[in-house]
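Read the figures in this text as sums done on the coordinates, not as results from a lab. Fair warning: this is a prediction, and the values are worked out from it, not measured in the lab. Every residue, glycine among them, receives a Cβ derived from its backbone with ideal geometry; neighbour counts consider all protein chains shown.
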Amino acid sequence: MEALLANYVEKSLKQYMRRNAIFLCERLYAEFPSEVNLQLLARCYLNNNQPHSAYHVLKGMQMAQSRYLFAVACLEMDLFSEAETALLPIEELCAHVTNGAAVQYLLGIIHRDTNRMKSSVEHFRKALSIDPLFWAAYEELCILGEAEEAAVCFGDVAIHYVQEHYLGNASSYLQIANSDQSLDSSQAFGLEDLSLSHLQQMEGNNIRNICLNNHGGPNLTGPVGQITNSCCNSSFFRTPSPVLTQLSDMAPPPLIRNIRFCQNEVSLRSSTQARREFVRENESAQIRGSLFFDSGRRRSARLAAAQRSFNSTQGSENKANNLRASIKLNSGTCYSTVCKGQFQNLEEAFRATSSSLSSSADVKSVQDETVNTQLRSFISNSSKIKSGISDTINLLRILGEGYRHLCEYRCQEALNVYQKLSSKQYNTGWVLSQVGKAYFELVDYLNADYAFSLARQISPYNLEGMDVYSTVLYLMKEDMKLKYLAQELISIDRFAPQAWCAIGNCYSFQKDHETALKSFQRAVQLNSRFPYAHTLSGHENVIIEDYGNAVECYQKALHVDARHYKSWYGLGMIYLRQEKIEFAEHHFRQAYRINPFSSVIMYYLGTTLEALKRSEEALVMMEKAIVTDNKNPLPKYSKANMLVTLGRLNEALEILEELKECYPRESSIYALMGEIYKQHKKYDKSMLHFGIALDLKPSIVDVAKIQAAIGKLILPDEIEDNL
Amino acid sequence: MATESSESEEEGKITGGNQHLIVEDDLREMGKKAAWSVSSCKTGNGVSSLRDDNLETYWQSDGAQPHLVNIQFQKKVKLQVVVLYVDFKLDESYTPSKISIRAGDGFHNLKEIKTVELVKPTGWVYLSLSGNDPRETFVNTFMLQIAVLSNHLNGRDTHVRQIKVYGPRPNPIPHQPFQFTSREFITYSTVR
């Protein structure tokens with residue numbers, strides 16, 4: 001009965017029949033109270049978004065898997081210290097659980113959220129070294145600004161490492177082919193197979209997407225759903241050596257748990273995991289589609305047949321282990337259909353195994369047969385595995401390099417790197433959003449708009465990066481598009497902070513700053529670790545001149561992500577306005593240190609230095625700004641202004657003449673030229689320029705200033721006349 | 001400096017008044033940074049009713065004329081427009097009739113810069129502080145005093161429902177001599 005119930009619970013879990021699973025699992029645990037069943041129960045709870053239940057159920061349990069699940073539940077409830085104590089000691093945990101990389105990653109997240117940045121970076125690096133395909137760890141390192149070059153992390157060393165482990169496992173599988181354990185090992189092989197095929201889908205967030213899909217993408221049912229489950233499993237749990245041994249010891253439970261682990265650990269990365277599933281699904285479906293291979297279709301048909309035959313023979317299984325093993329094996333095959341990897345021969349061999357297993361009667365004999373066939377096919381497979389692995393790692397390398405460049409604001413390089421991707425990979429939501437962000441940072445709003453709109457067409461349910469898109473539209477003053485975007489985003493997901501940021505931008509554009517502030521605060525409530533919402537709140541507070549709250553908002557943003565240079569900029573601007581110039585300089589310098597390629601930041605740093613009377617440094621900074629972005633007129637104007645104060649009037653005039661050609665309707669240029677001519681005592685020219693400046697409708701303050709200046713011009717004329 | 005001088009005293013009659021408060025975009029309300037006080041008030045109708053954005057509540061004076069509203073800033077500010085909400089239909093003999101606006105550094109050196117006479121006002125009344133000279137668009141001062149010299153129908157005390165004081169927006173980009181007007185300049189001037 002225990003086996004039957006456990007089996008049924010697994011099946012329900014895979015089919016997302018959560019209440020069914022929970023109820024039956026509770027009966028199972030009541031009947032057979034063992035820690036293994038407790039882990040299954042915790043998994044059911046975690047799957048149903050009840051981390052608190054899982055927490056209470058697993059509290060105090062000491063088995064490695066229990067501790068891991070407990071840590072996952074704690075993290076979902078933001079109980080960092082308990083999660084951390086559960087995950088230590090690490091070595092013991094890694095030995096028992098096939099997800100050493102995931103444990104390191106979780107520890108990295110905990111340390112980052114409790115402000116221990118250095119140790120967090122170490123943990124992420126370890127995760128990446130254990131499992132070179134752990135994209136999420138690399139991503140976190142980039143965000144923290146501590147990533148090594150992608151060529152190092154996803155380089156030849158990584159390729160060899162991964163290849164060895166896959167091939168090593170496969171060969172050892174063949175060695176123990178003629179025992180019961182072979183079932184387990186074939187599972188392992190299947191899992192590796194899956195992970196290999198899964199590797200094809202490395203598109204950054206894709207892993208997360210697929211894992212997140214587990215949290216109840218109701219559209220995925222049956223075999224497809226199972227596939228997504230194990231996809232997560234494979235990539236995260238690549239501690240090669242323990243795999244086989246562990247499987248032979250505790251075959252069924254850990255594997256099942258592993259699937260759960262990946263889901264939950266990934267879901268930790270956003271508190272709104274259940275809500276984002278819809279967002280992720282579509283993108284991952286598209287990515288999967290883009291990697292589709294014809295052979296996969298035929299395989300899937302055969303695999304489906306295999307599963308059907310398996311299900312029919314389910315009842316007649318005697319041995320509990322074999323049953324569970326077969327389930328996993330079968331689900332493994334189903335996984336491979338969706339994964340549609342490149343390892344055709346591998347999967348064929350695998351399929352042969354699974355179909356043999358599904359006929360329960362002569363498992364052993366068929367097994368032997370298939371083992372032999374596999375032995376033969378294995379040798380030809382290994383070269384395909386190798387090429388497949390290197391392809392995957394190359395893809396990861398390109399993506400990693402691009403992402404790292406963008407995180408360090410080397411936008412042009414990032415764009416060049418992303419261009420190297422195949423058009424299949426390029427035309428996906430994630431990559432196009434990255435491209436859009438790069439253009440945004442380069443102040444090239446037209447191209448950013450284009451890239452983002454393309455991203456929306458391809459995967460309209462991907463909300464990540466759409467907050468930046470709304471800012472682009474805001475800055476381009478595209479009122480209609482901004483409103484439309486905000487409406488769409490809200491209708492897709494009311495609980496996404498990006499949607500509320502877009503709405504806030506809408507209101508801010510309409511000058512309704514209080515409502516804009518409320519919208520940004522709502523985004524903050526939905527996810528307090530989303531730094532851009534804090535930054536935008538800060539900007540709004542500055543506009544309504546509530547500097548106290550603005551400073552708080554910016555500081556919250558920096559608390560979440562110290563590399564969010566816009567918050568440093570915001571703080572610098574506030575201090576500049578309040579005439580606290582040294583503070584302003586410090587903050588602008590921090591912003592400059594994080595993003596040394598932004599001409600706007602350089603411009604403000606130069607302005608601050610000028611205010612501190614450090615004119616030479618100010619001029620140098622302005623020169624740099626002009627060189628960085630030739631299209632930015634402000635540094636040139638500011639340089640002309642500084643030259644005027646230094647008395648170098650002719651040079652200033654040259655610059656202003658150039659600017660006048662490019663921007664003939666900018667009143668401040670003419671006003672400054674008027675000032676210069678006045679100092680040169682060319683009063684008629686000065687009058688002319690002041691007149692033009694006034695015609696171009698400057699602000700009231702400037703009108704008064706210019707008219708005062710004109711008045712002073714007239715007086716010297718009169719005096720001369722009188723004389 | 002405050003551009004007060006005896007020549008800029010002028011009499012003007014204002015009638016009517018707007019129901020809605022409409023102010024140019026480049027002006028902003030400066031009253032939040034000021035300390036507001038009144039010469040006298042009836043309990044329950046104090047100075048806070050002048051600043052509560054509620055047109056139902058009003059300040060009622062309780063003493064001898066002239067009734068004074070004092071607005072004091074911590075540093076010199078440029079002011080351009082004073083807006084009052086007064087309504088003859090609601091307040092009748094309590095409605096102010098003659099108003100004098102004075103500016104200076106403090107109570108000791110206030111000088112009158114504007115006098116107006118209101119005739120049956122019914123809403124927001126705009127009192128511009130600008131002089132005739134275009135160079136005198138603003139009054140640059142520490143303190144503003146609004147004095148109610150007389151009321152309609154010779155009433156003793158006065159009701160004023162709301163007062164707002166407007167000045168120009170400062171340059172959004174600090175430490176620049178002139179503000180930018182063209183789109184390209186403004187695009188590059190902020191990071192969002």
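Please compute the contact order of region A:665-717 in relative form: average sequence separation of alpha-carbon pairs under 8 Å and at least six residues apart, divided by the residue count, as a percent.
On the way: 43 pairs, mean separation 19.8, N = 53.
Result for region A:665-717 is 37 percent.
Summarise the partner chain shielding of A:540-548 as one whole number: the mean count of Cβ atoms from other chains within 10 Å of each residue's Cβ.
1
Within 10 Å, count the other beta carbons around each residue, average over each peptide in A:31-39, A:695-703, and list them highest first.
A:695-703, A:31-39
For region B:15-170, what's the relative contact order in percent, using C-alpha pairs closer than 8 Å and at least 6 residues apart?
Worked out over region B:15-170, it gives 38 percent.
Could you work out, residue by residue across A:690-701, how many beta carbons of other chains sit within 10 Å of that residue's beta carbon, and then give the average as an integer? Before the final figure, lay out each step's value.
Values: counts 0, 0, 0, 2, 1, 0, 2, 1, 5, 11, 12, 12.
Partner-chain Cβ atoms within 10 Å, mean over residues of A:690-701: 4.
Which lysines have a Cα less than 16 Å from the Cα of A:Lys636, not counting those fewer than 8 places away in the same chain?
Within the straight-line limit of under 16 Å, A:Lys636 reaches these lysines: A:Lys624, A:Lys660.
With respect to the cross-link table entries A:Lys639/A:Lys678; A:Lys682/A:Lys712; A:Lys613/A:Lys639; B:Lys33/B:Lys78; A:Lys705/B:Lys76; A:Lys613/B:Lys32, which display a Cα-Cα separation exceeding 22 Å?
From A:Lys639/A:Lys678; A:Lys682/A:Lys712; A:Lys613/A:Lys639; B:Lys33/B:Lys78; A:Lys705/B:Lys76; A:Lys613/B:Lys32, over 22 Å: A:Lys613/B:Lys32.
Exposure proxy check: A:Thr535, B:Thr43 ranked by fewest other beta carbons within 10 Å?
Ranked by crowding around the Cβ, least crowded first: B:Thr43, A:Thr535.
Which ordering of A:Ser598, A:Ser422, B:Ser39 is given by a fewest-first count of other beta-carbon atoms within 10 Å?
A:Ser422, B:Ser39, A:Ser598
Out of residues 5 or more away from B:Ile14 or on other chains, whose amide H comes under 5 Å of its own, with H placed 1.01 Å from N in the peptide plane?
Counting only residues 5 or more places away or on other chains, the set is B:Glu117, B:Leu118, B:Val119.
In percent, how large is the relative contact order of region B:91-190, given Cα pairs closer than 8 Å and 6 or more residues apart?
34
Order of B:Val81, A:Val103, A:Val57 from fewest to most other C-beta atoms within 10 Å?
Least crowded to most crowded, the residues run B:Val81, A:Val57, A:Val103.
List, in order, the whole-Hz ³J(HN,Hα) value for each residue of region B:42-58 obtained from phi through the Karplus relation with A = 6.51, B = -1.76, C = 1.60 and θ = phi - 60°; use x for Gly and Pro.
Per residue, the Karplus-derived 3J(HN,Hα) values read 8, 4, x, 10, x, 5, 5, 5, 6, 10, 8, 6, 10, 7, 7, 8, 9 Hz.
Counting partner chain Cβ atoms within 10 Å of every residue's Cβ in A:664-673, what's the average?
Whole-number average of other-chain Cβ neighbours for A:664-673 is 4.
In a solvent-free Debye calculation with one equal scatterer on each Cα, what is log10 I(q)/I(0) for region A:665-717 at q = 0.20, 0.25, 0.32 Å⁻¹, listed in the order of the q values?
-0.56, -0.87, -1.30
Give A:Lys511/A:Lys631; A:Lys580/A:Lys697; B:Lys42/B:Lys164; B:Lys42/B:Lys89; A:Lys580/B:Lys164; A:Lys126/A:Lys384 a once-over and call out the pairs whose C-alpha atoms are over 23 Å from each other.
A:Lys511/A:Lys631; A:Lys580/A:Lys697; A:Lys580/B:Lys164; A:Lys126/A:Lys384
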